[in-house]
Amino acid sequence: MKTAIFVRTNYDLTTAYSFQWCQPVIEAAQGRGFRTIVVEKEKVTKLEVSSRLTHVKPDFIFLSGHGTVDTFKGHLGEEVLSINSAEAFKGSIAYSRACNCLVGLGVKAVEKGCRAFIGYSREFWFVKQNEMQTRPLQDPAAKPIFEAANAVSMSLIKGSNVREAIEQSHKVAIEKIKLAIYSPDPIVKASLAPLISNDSCLEAIGDLESRI
């Protein structure tokens, strides 16, 4: 049985949205028969995450939260994974929905044996409708942005290789961009800039033909 670990923080408005938008992917993995392990909220600490990754050796790692070039941050901004602990990714395919992580952390992870690391070389960002902050999955401004981002992991879970997963995310992003351009709804139009920006910096390094 293949194993997927989802690491998702939830301590501010940004992480709260990404936290909720992990749920469709978790459910998809469960539906595909994956053994799913979720490390979330206050449990996203350096000790907990490192221990899980080292002992479980997952096939797929999904990181959701804040990041920098060299680190993925856990609860309340604690440094959880860094270039100094990148060996924890060994043998896995990883997707990081966190700003900038691909540039340093991803490169070091692949050097240390990560099969492929997918992420963003710049800031991952989104817009939201203020009235929908308690219902992120129904927010019409954020929805197209997260659907495009989720297409990566959804494709991987369904058996696509890394290259195909990236291409599928690009395809979904293009569809959402077209809808935003021609929509008369200003809330939908608000998603245009982040869709373009996120799509332009979504990349992968490592073995692009690898599959979970």
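Throughout, read-outs are computed from the coordinates displayed, never taken from laboratory work. What you see is a predicted model; the values in this text were computed from it and never measured. Positions of Cβ are generated from backbone atoms using ideal geometry, with glycine treated the same way; all protein chains shown enter the neighbour counts.
Summing Cβ point charges (Lys, Arg +1; Asp, Glu -1) relative to the Cα centre of the chain gives a dipole of roughly 420 debye. Note on the chain: antiparallel DSSP beta bridges, both residues inside, total approximately 30 percent of the bridges counted.
Dividing the convex hull volume of the alpha-carbon atoms in the stretch 1-121 by its residue count gives 82 Å³ per residue. A Cα-only calculation for the chain places Rg and Dmax at 15.9, 51 Å.
This model, with +1 at the C-beta of Lys and Arg and -1 at the C-beta of Asp and Glu, gives the stretch 15-81 a dipole about its Cα centre of some 200 debye. Helical content alone sets the calculated 222 nm signal of the chain at -12500 deg cm²/dmol, taking -39,500 (n - 2.57) per DSSP H segment of four or more residues and averaging over every residue.
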